[in-house]
1. Go through the range 58-71 residue by residue and turn each phi into a ³J(HN,Hα) via Karplus (6.51, -1.76, 1.60, θ = phi - 60°); whole Hz please, and just put x for glycine and proline.
2. Tell me, how many Å apart are the Cα centres for the range 77-96 and for the range 111-145?
3. Among V191, V70, which comes first, then next, by fewest other beta-carbon atoms within 10 Å?
4. Nearest 500 deg cm²/dmol is fine: what mean residue ellipticity at 222 nm does the chain get from its DSSP H runs of n ≥ 4 alone, each adding -39,500 (n - 2.57), divided by its residue count?
5. Counting other beta carbons within 10 Å of each Cβ, put H160, H145, H24, H66 in order, fewest first.
6. Once the other residues with Cβ under 14 Å from the Cβ of A206 are scored (Lys, Arg +1; Asp, Glu -1), what is the net sum?
7. Quick check: pseudo-label points 7 Å beyond the Cα along Cα→Cβ at R60 and E81, how many nm apart are they?
8. Between E91 and L16, what's the calculated FRET efficiency when r is the beta-carbon distance and R0 is 45 Å? Round to 0.05.
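What follows draws every value from the coordinates through simple rules; no lab data is involved. Since the structure is predicted, the reported quantities are computational estimates derived from the model, not experimental observations. Cβ placement follows ideal geometry from the backbone for every residue including glycine, while neighbour counts extend to all protein chains displayed.
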Amino acid sequence: MSRRLRTPGAFERHLLEAVELNRHRAPLYAQLTNGQSRAISRSLIRYERLLIPVARWFDRRAEPYHRAGVPLLEEAFVSMERTPEWLPYREPSSYRPRLRPRGGRIAREVRRAFRQRGFPGAAAALERHLGLLATEPSYHCMLRHLLESTLRITVLAPEHDRLARELGLRSPLGISSRLLRLHLCGCGSSVRLDARAAPLQARGIALIGQDVPPVPARGR
């Protein structure tokens, strides 16, 4: 009997696409940097792979909503097809980063805002930190991507909840809140990865920055 192939869910598919893209681009960066980027690329791919079992857990719980027409995770994760083209050089916004974001502090502030004021409160805290990062667009790229993704979750969560209730489904806010907390758990590792990439980014090698898609707060 032939074994039925499993179709990856939205979260897992996003990660698999990211792994594939970074595996393809890693040797291009390694050639540019005489191997200096190799360990950073490996770390990035390792983080993505480690998340795949967690992504499957979320995908299973989101599946009933997707079948009913609530695009819970399908809308939360943007397509990797939007990732910028690979270029060997991009003019850096400055010759070194001046901001020193603290991932743990950012995560605590957003969690506290979420406890006190729900998704709108978390969104306001995220927008404040993203505003600071916007002053140094060539740096802090992994943290920015993570916070943009988290902001998208906070904006979409009430809309998905309303749609689910209109369809007579159980509220999906529990899934959305867990997804928010999962993203915040990555703030510290994102800051560390960005710090390792910064010397290369200062040379115009846009490692990470051109390897993640822009994430709008809403819309496709």
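1. Per residue, the Karplus-derived 3J(HN,Hα) values read 5, 4, 5, 6, 8, 4, x, 5, 4, 5, 7, x, 9, x Hz.
2. If you average the Cα positions of each part, the centres end up 20 Å apart.
3. Ranking V191, V70 by Cβ neighbours within 10 Å, fewest first, gives V191, V70.
4. Rounded to the nearest 500, the figure is -22000 deg cm²/dmol.
5. With the fewest neighbours first, H160, H145, H24, H66 line up as H24, H66, H145, H160.
6. Spelling it out: positives minus negatives among the neighbours equals -1.
7. Label-label distance for R60 and E81, simple model: 3.0 nm.
8. Step by step, r from the Cβ atoms, then E = 0.90.
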